[in-house]
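S.K.: My structure is below; once you've seen it, I'll send some questions.
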Amino acid sequence: MIITGSFNGINYMKKILNYINGEYCEPISGAWIDNFDPSKGEVYSKIADSNAEDIEKAYQAAKAAFPSWSNTTIEKRSNILLKIASLIEENLDSLAYAESLDNGKPLSLAKAVDIPRASSNFRFFGHAITQFASEAHESVGLNTMNFTLRQPIGVVGCISPWNLPLYLFTWKIAPALAAGNTLVAKPSEVTPMTAYLLGDLCTKAGLPKGVLNIVQGTGPSAGQALVAHPNIKAISFTGGTKTGEHISRTAAPMFKKLSLELGGKNPNLIFADCNYDLMLEVTLKSSFANQGQICLCGSRIFVEKSLYSTFKNDFVKKVRTLKVGNPFDKDTNIGALVSKPHLEKVKSYIELAKEEGGKILCGGNLVTVEGSENGYYLEPTIIEVFDNQCRVNQEEIFGPVVTIMPFETEEEALQMANNVKYGLSATLWTSNIDRTMRVSKQLEVGIVWVNTWLNRDLRTPFGGVKNSGIGREGGFEALKFFTETKNVCIKYE
Ligand code: NAD
């Protein structure tokens, strides 16, 4: 089925076009890629298969728009961002619908999290830029005054993944625009729809032509051309670690500024002194929200031995109550995985777990949903593992699959948590403040949540260590990334 109608005033064209210089346009090559509805496993629209020529066209538009946008007053830039935020809010229902259709996530989740957060991203950076200040250093006794300028970089590139499509796309675009840059941005080819719809909202909000250019297409073609473009001097990328490595290789010889938000294999450390009921409820979310396709999901659950069997029984019972179903059904907890290749990858890890001696405590099977028989559905799966070094505990699966394993001491828990190549986030469950401090300091990650999960204040730094990336986004960190720092030193008599 190709959707050509409209929902709440927004048209779902059968073609997902590029948005360049304030206009929707077809790819120069005339090539298109199939876009799937994961809940049904059917093609429902076509995406522009853009290449280096489209990136160049977008770059030229962004370059032409830069002098004016970078000199636009902070107040005006801020107002436009706030207007985009409001338009996203006004179109919450249609955008949430589009997100679920494109990604397979429950509509309830898109409505409660993805789209409100996309709006918050614009609202937050619309306000943050009005408070962004720089430093001055007076060299007392030397008649010298230094001040620091934080100037927009120029044309910057943003590349985002499919798991939280509009949420993560706007997480990059909003600070880049707020700081006075013009952009060439590429959403994931797996979930292009809401980025496509955003173009129209930006036009309505009065964003000048060429300031934001959205180029659709694949990583190896459009994405690679964006990263390889010699005049796009900064790239903010969120996606897989392997892709991040490739991007670093391409960008390094040109000395581009890079922010890389990559994969994770996040540990949950559950101590027996935790608030048990709260922990159980939140662990269900941190394991399976968005079908487990959040880089911050806690996919390795380590439980103190004295609590282990109680937790194991209760957790399995709870997970069995989760309903896998069509994303548009009200009582669905777990929707479809994003694509067939991804479903196959996740399923292959469940098979691998069995080969590695893991025990499937619940789930593990594909699900056939009535009326959506070809959709990409998988049961939420808990695997008991006996060795932290097994591949299912070391490699990112990025689906509704978690492992559980007991530990005896705080040292052992920490050692297992850190013994992995990733270092994005960790969740710690304990009521002991001394332990909270000790463990938080020693965890090799960029974000630690204690007795909570995915609790986000947009002012805080966000990012990972080790193979989970370099750089921090969020708050002023993002505005710093999207500006070039210059010191001006003035000697006076
Ligand atoms: P991916 O790396 O396959 O793709 C991400 C984006 O990069 C897409 O837009 C893709 O088209 C583009 N891309 C692919 N190859 C490229 C290339 N050679 N040059 C330029 N661009 C290229 O990742 P994905 O499968 O879309 O997303 C899942 C991954 O993202 C997981 O590993 C997940 O952990 C990670 N992720 C990380 C964070 C974070 O904040 N750290 C957040 C969300 C997702």
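No lab work stands behind these numbers, since they all come straight from the coordinates. None of these values were measured; they are calculated from a predicted model. Every residue, glycine among them, receives a Cβ derived from its backbone with ideal geometry; neighbour counts consider all protein chains shown.
S.K.: Kindly state, to the nearest 0.05, the FRET efficiency for R320 paired with S139, given R0 = 45 Å and r defined as their beta-carbon distance. Mind dumping the intermediate values first?
M.R.: Values: r = 67 Å, r/R0 = 1.50.
So the FRET efficiency works out to roughly 0.10.
S.K.: Pop out the ³J(HN,Hα) list for the stretch 182-195 in order, Karplus 6.51 cos²θ - 1.76 cosθ + 1.60 with θ = phi - 60°, rounded to Hz; leave Gly and Pro as x.
M.R.: Residue by residue, the stretch 182-195 yields 10, 10, 10, 10, 10, x, 5, 5, 7, 9, x, 5, 6, 5 Hz.
S.K.: Then there is this: Under 5 Å between amide H atoms, partner at least 5 residues away or on a different chain: which partners does Y44 have, H built in plane at 1.01 Å?
M.R.: Here the answer is N35, F36, D37, since their amide H atoms fall under 5 Å of that of Y44.
S.K.: Toward the positive end of the charge dipole of the chain, about the Cα centre and with charges on Cβ (Lys, Arg +1; Asp, Glu -1), which of C295, S78, Q216 goes farthest?
M.R.: Ranked along the dipole, the leading option is S78.
S.K.: Per 0.36 nm of contour for each residue apart, how much would the distance between Y492 and E408 grow if the chain were fully extended, relative to their Cα-Cα spacing? Walk me through the numbers before you get to the answer.
M.R.: Working: separation 84, 0.36 × 84 = 30.24 nm, distance 6.53 nm.
Residue separation times 0.36 nm, minus the Cα-Cα distance, leaves 23.7 nm.
S.K.: Next up: Relative contact order, percent, of the chain when contacts are C-alpha pairs under 8 Å separated by at least 6 residues?
M.R.: 19
S.K.: Treating the beta-carbon of each Lys and Arg as +1 and of each Asp and Glu as -1, no other charges, what is the dipole magnitude of the chain about its Cα centre, to the nearest 20 debye?
M.R.: 860
S.K.: Non-local amide H neighbours of V401 (under 5 Å, H modeled in plane, Pro and chain starts lacking H): which ones?
M.R.: T381
S.K.: Let me ask another. Towards the positive end of the charge dipole of the stretch 16-161, with charges on Cβ (+1 Lys, Arg; -1 Asp, Glu), say which of H137, A110, A61 has the farthest Cα.
M.R.: H137
S.K.: If you average the C-alpha positions of the stretch 293-316 and of the stretch 114-145 separately, how far apart do those two centres end up, in angstrom?
M.R.: Result: 40 Å between the Cα centres.
S.K.: Provide the packing ranking of 331-344, 450-463, i.e. peptides ordered by the mean count of other C-beta atoms within 10 Å per residue, highest first.
M.R.: 331-344, 450-463
S.K.: Given axes a ≥ b ≥ c from the Cα gyration tensor, I'd like to know whether the chain is rounded (a/c under 1.5), prolate (a/b larger than b/c) or oblate.
M.R.: Cα axes put the chain in the oblate bin.
S.K.: Evaluate the charge dipole of the stretch 418-493 about its Cα centre and quote only its size in Debye, nearest 20, assuming +1 on the Cβ of each Lys and Arg and -1 on the Cβ of each Asp and Glu.
M.R.: 160
S.K.: For the stretch 382-437 and the stretch 239-282, what is the separation of their Cα centres, given in Å?
M.R.: Spelled out, the Cα-based centre of one part sits 14 Å from the other.
S.K.: To test your reading of the geometry: what angle, between 0 and 90 degrees and rounded to tens, separates the Cα axis of helix 92-103 from the longest principal axis of the chain?
M.R.: Here the helix axis deviates by roughly 60 degrees.
S.K.: In the stretch 45-149, which trypsin sites (Lys or Arg not before Pro) are in a loop and have at most 15 other Cβ atoms within 10 Å, using DSSP for the loop call?
M.R.: Values: sites: K46, K57, K63, K76, R77, K83, K111, R117, R123; in loops: none.
Hits after loop and neighbour filter: nothing returned.
S.K.: Given the -39500 (n - 2.57) contribution per DSSP H run of 4+ residues, what per-residue ellipticity at 222 nm results for the chain, rounded to the nearest 500 deg cm²/dmol?
M.R.: -11500 deg cm²/dmol
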